[in-house]
Ligand code: LHQ
């Protein structure tokens with residue numbers, strides 16, 4: 001019984017490395033496809049990272065040769081004659097809370113896509129703030145291949161990031177694209193040699209962790225809200241957010257460090 005519980009908990013790795021929370025999808029034999037305990041454990045890990053004031057950046061990755069193959073399809077088998085399966089409930093209860101939590105996280109979230117990302121696995125990566133990918137990684141909006149549509153934010157994030165023409169083709173065809181193509185299209189921040197991925201991702205997360213949490217939170221929120229705002233509304237929002245930033249403490253430290261020709265030591269926290 002205790003062993004089963006341990007095995008279940010190991011499906012999501014959580015480690016604090018300095019100021020960074022490292023969260024690892026850990027079901028490598030199934031390319032980290034999501035089985036039920038994983039959603040809850042990932043949500044818990046993200047909440048832990050959000051609520052811990054020592055954590056100033058989050059790094060999400062996958063164990064083994066895949067990043068995440070999306071939903072475990074063995075767990076969501078359509079029934080031929082039993083009660084109709086409710087995939088909407090699966091999304092509402094299991095996936096949507098994770099995507100919302102990552103997008104609303106007041107700290108930067110880096111995603112290191114270490115291998116194939118398929119279905120909800122791609123869109124989980126796209127919900128993060130900065131995505132690095134191993135050069136051998138591939139991205140597949142696999143949904144149409146099984147009669148579904150992109151979820152976990154895919155129909156929102158994908159066209160917002162790469163534009164409607166490319167988003168529609170990827171979603172309708174459900175074919176893989178290379179990490180190189182994803183980088184050229186601006187779907188991810190950049191590709192890294194496979195062997196260097198985690199070093200580079202850690203360096204990036206550490207750099208973000210030294211930054212201002214006030215800036216990170218307000219930048220994320222302002223950019224997300226820009227999708228629904230006119231320029232004039234966004235100018236108003238920037239006015240309000242900048243007022244808040246200017247009074248939050250890190251600005252004084254940043255300017256003092258600049259004039260003193262030293263590195264800033266930001267300390268204001270957000271959660
Ligand atoms: C898997 C999976 C998988 C189970 C690999 N499930 N075992 C949300 C809400 C509710 C319902 C539905 O969906 C969603 C969102 C979604 O994510 S829908 C999209 C679900 N994902 C897919 O359709 C991708 C399915 N997987 C694949 O197409 C391939 O496995 C890819 C292209 C990802 C990788 O191909 P290969 O590199 O050739 O690896 P493989 O196919 O041999 O997979 C390795 C193992 O992982 C294998 O298990 P086995 O025991 O035979 O070694 C696969 O069965 C297992 N696996 N994906 N989604």
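Worth pointing out:
- Test: residue in the stretch 185-201 that is in contact (Cβ under 8 Å) with a residue 12 or more places away in the chain, within 16 Å of the ligand (Cβ to nearest atom) and not in a helix (DSSP H, G or I): no
- Of the residues making up the stretch 95-135, those that are touching a strand residue (DSSP E or B) at 6+ places or on another chain (Cβ under 6 Å), surrounded by fewer than 21 Cβ atoms within 10 Å (Cβ to Cβ) and touching a residue at least 60 places away in the same chain (Cβ under 8 Å) are 129, 130.
- In the set (1) in a helix (DSSP H, G or I); (2) out of contact with any helix residue (DSSP H, G or I) (no Cβ under 8 Å at 6 or more places or on another chain), residue 251 fails one condition alone, (2).
- Looking across the stretch 64-94, the residues that are within 6 Å of the ligand (Cβ to nearest atom), in a loop (DSSP other than H, G, I, E, B) and either surrounded by 10 or more Cβ atoms within 10 Å (Cβ to Cβ) or touching a residue at least 24 places away in the same chain (Cβ under 8 Å) (or both) come down to 69, 70, 72, 73, 76.
- Contacts under 6 angstrom Cβ, first residue in the stretch 215-241 being assigned to a helix (DSSP H, G or I), partner surrounded by 11 or more Cβ atoms within 10 Å (Cβ to Cβ) and at pLDDT below 95, 6 or more apart: 217/270
- There is no residue in the stretch 32-41 that is more than 16 Å from the ligand (Cβ to nearest atom) and closer than 21 Å to residue 213 by Cα.
The values are calculated or read from the model by the stated rules, or taken from the named source; none is laboratory data. In this text, all values refer to a predicted model and were calculated from it rather than measured experimentally. All Cβ positions, even for glycine, are placed from backbone atoms using ideal geometry, and neighbour counts span all protein chains on display.
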